[in-house]
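As structure tokens, the structure follows; a few thoughts come after it.
The values are calculated or read from the model by the stated rules, or taken from the named source; none is laboratory data. Model, not experiment: these values are computed from the prediction. Note: ideal-geometry Cβ built from the backbone for every residue, glycine included; neighbour counts use all protein chains shown. Ligands, DNA and RNA are stripped out before the accessible areas are found, and what is left, the full protein with its side chains, is counted by its heavy atoms. Shrake-Rupley method; radii C 1.70, N 1.55, O 1.52, S 1.80 Å.
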Amino acid sequence: MRIYHDEDADLRLVADRQIAVIGYGNQGRAQALNLRDSGLHVLIGNRDDDYARRAREDRFQVLPIEAAASEADLLMLLIPDEVAPGIFASEIAPHLDEGNAVVFATGYNIAFGFIAPPPTVDVILVAPRMIGAGVRDLYEAGRGFPSFIGVAQDHSGDALAIALALANGIGSTRAGVVEVTFAQEAELDLFTEQCFGPAFGHVLTTAVNLLLEEGYPPEAVLLELYMSGEFAYTLGKIAELGLVGQSVLHSRTSQYGSMSRGVRFTLPELRLKMMEGLEEIRSGQFAQEWAAEQAAGAPTLEALRQAAQSLPLVQLEQELRRSLRDMPTAAQVQQMDRMSEPEERRSPAQGSQPTHSRGLLGRGLDWIGRSLGKPEADAEAQPTAGTPNQPQMEEILRRFLAQAERDPALQAFAQDRELTTHYVLRDSQMEFTMCFQGGEVIADMGPPPSPPEVRLETDTDVLDGMFTGRINAMRAFMSGKLSFSGEARLAITIQQVQDDLCRLYSQARSAVR
Ligand code: NDP
């Protein structure tokens, strides 16, 4: 694969053309400033609000988006991907002239068919692999950052050369840019967000959970694993020197230990899950699901955000951050506090504890109990604790499912719905199915006759905790104790009848035990 640099790009190709940067946010501001400092003609298209004000303060001409689109030869679409299709159709497409170029910073909307520009324009990708602040800071420091460039439509015959010129203008060819298709850029980006990042997050939380369970002080655990910044620094060195190359920066004990033990963690399931995620992305299933979620007002996203913010780890991190120096500023901490205020902020007992070591430890242990749903940790507080054994569980589930079929609340939920949910209890190899269809509930032990919309996998104690109200299902999901395949939106709609499922399960449980 060829990597292009400054010498491959000719800025003169775009020197006389009017560039309109639509959007003045993370990428918009950084790219607009860099392009202007590279000697190019740049104006901004934005609604008349704070972003527009900031652009004027930076001495740009700011026009409404439609007017900017009319003026521009090269139009750089740097607004959030979810609003871009609507804005493109209503405010940009009617003003495109033959020979214009529309430039995207991600392949998403073209790759998944949400934007279809007319055939008379170039459709170009210049997608920095760098956040907006970095795009500007590195440019000012005389350094570069890599980008992906691409061409989806080459009406002018010069589309690749224009992509290179713009990549040069924003400072990216100083480091090097590679050519990819719009689909490759979008798929790689989504894979990083949906497979690599979450898998990595689960490795981290698994390590935190294990070390807290084993009694290590929470502050020490968080500092050791990531909050000291050593790990982030090491990642920087991996980028600079390579995964193996950076190992010389570590002690010989570290080198021997990590290489000799590393082979234990080649987990085949990880690859399978990543493949599953990649297939959802490539087939467009994720893009369709996300479009439907947004059309519904993004209730699932909101529920997931709330669940994530209520994880006790978030609170532990805040406590530790407050005690450390040279961490984010007070204003940033306040902002984080506001965003992450857990619903059940603190029980009176917790609130009365000091906020240093003992308080943290108490909360750390409480967290293990609550987020991992260990029955013994909940036993005192919850009279329903104590997981049923396998024969008991089988009998409870049979009764529960029989009641579910006759329950009016579940039947009401099943109106106008077609949803089959397959529950798999990994530790006991029991499985059961609940099918909600046209006002009817069909529930039985065993797998469904045809592929379900949602498949949930967990362990018996977690299911028992969820259905007795001891364990928050969203939290179990966020902490990896409950996993699902299928549409997240559908999986989360089951939350609507969680109270009814709890009621029926608890009745069955009381009858058996
Ligand atoms: P931002 O969220 O920072 O964009 C904010 C800008 O979009 C503001 O100018 C805002 O103006 C405008 N905007 C928001 N909503 C609307 C709307 N409904 N109608 C019109 N304008 C709107 O976006 P990013 O810079 O993060 O992302 C821009 C593009 O860059 C995306 O395609 C993204 O995928 C890509 N990208 C982003 C990276 C990043 O680091 N963030 C990295 C690489 C690529 P106002 O609200 O005033 O209308």
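Observations, loosely collected:
- Descending by average beta-carbon neighbour count within 10 Å, the peptides 291-304, 39-52, 467-480 line up as 467-480, 39-52, 291-304, the highest first.
- Near Ser479, no amide H atom lies under 5 Å from its own; only residues 5 or more places off or on other chains count, and H is placed 1.01 Å from N.
- Protection-proxy order for peptides 14-26, 248-260, each taking the mean of Cβ atoms within 10 Å per residue, highest first: 14-26, 248-260
- For the stretch 116-131, backbone phi angles converted through the Karplus equation (6.51, -1.76, 1.60; θ = phi - 60°) give residue-by-residue couplings of 10, x, x, x, 8, 10, 7, 10, 10, 10, 9, 10, x, 8, 6, 5 Hz, Gly and Pro being listed as x.
- Where the chain is the region considered: accessible area per residue in Å², 1.4 Å probe: 51
- Whole-number percent relative contact order across the chain, with pairs defined as alpha carbons under 8 Å at least 6 apart: 10
- Within the accessible surface of the stretch 442-513, defined with a 1.4 Å probe on protein heavy atoms only, the carbon and sulfur portion equals 49 percent.
- Rounded to the nearest 20 debye, the dipole magnitude of the chain is 1600 debye, with +1 charges on Lys and Arg beta carbons, -1 on Asp and Glu beta carbons, and the Cα centre as origin.
- Paramagnetic label zone (point 7 Å from Cα along Cα-to-C-beta, Ile238; backbone N under 17 Å) in the stretch 199-232: 199-208, 224-232
- Computed from backbone phi, the HN-Hα couplings of the stretch 495-501 come to 4, 4, 10, 4, 5, 5, 4 Hz, rounded to whole numbers (Karplus: 6.51 cos²θ - 1.76 cosθ + 1.60, θ = phi - 60°; Gly and Pro given as x).
- Per-selection Rg to Rh, the stretch 24-150 - Cα, Kirkwood hydrodynamic radius: 0.94
- Taking 0.36 nm per residue of separation and subtracting the current Cα-Cα distance, fully stretching the chain between Asp97 and Arg59 would add 11.0 nm.
- Taking amide H as placed 1.01 Å from N in the peptide plane, the amide H of Asp122 sits under 5 Å from that of Gly99, Asn100, Ala101, Val102, His155, Ser156, each at least 5 places away or on another chain.
- Between 0 and 90°, nearest 10: helix 268-282 axis offset from the chain longest Cα axis: 50
- Whole-number percent relative contact order across the stretch 457-513, with pairs defined as alpha carbons under 8 Å at least 6 apart: 41
- Take every pair of alpha-carbon atoms less than 8 Å apart whose residues are at least six positions apart; their mean separation over the length of the stretch 1-71 yields a relative contact order of 29 percent.
- Percent carbon-and-sulfur accessible area, the stretch 62-205, ignoring ligands, DNA and RNA, probe 1.4 Å: 57
- Placed amide H near Arg129: partners under 5 Å, 5+ positions off or other chain: Ser147, Phe148
- Backbone phi angles across the stretch 182-195, fed through the Karplus curve with coefficients 6.51, -1.76 and 1.60 (θ = phi - 60°), yield HN-Hα couplings of 4, 5, 4, 4, 5, 5, 5, 4, 5, 4, 4, 6, 9, 10 Hz in residue order; Gly and Pro are listed as x.
- Highest mean packing first, where packing is the average number of other Cβ atoms within 10 Å per residue, the peptides 105-112, 454-461, 282-289 line up as 105-112, 454-461, 282-289.
- Here the label points at Thr253 and Asp8, each 7 Å from Cα along the C-beta direction, are separated by 4.6 nm in the simple model.
- The angle between the Cα long axis of helix 285-295 and the longest principal axis of the Cα atoms of the chain comes to about 90 degrees, rounded to the nearest 10.
- Degrees separating the helix 252-262 axis from the principal Cα axis of the chain, which is the longest one: 70
- Here the gap between Ser70 and Arg322, fully extended at 0.36 nm per residue and compared with their Cα-Cα distance, gives a gain of 85.7 nm.
- Within the stretch 183-234, the GluC sites (Glu not before Pro) that combine a DSSP coil assignment with at most 11 other C-beta atoms in a 10 angstrom radius are Glu214.
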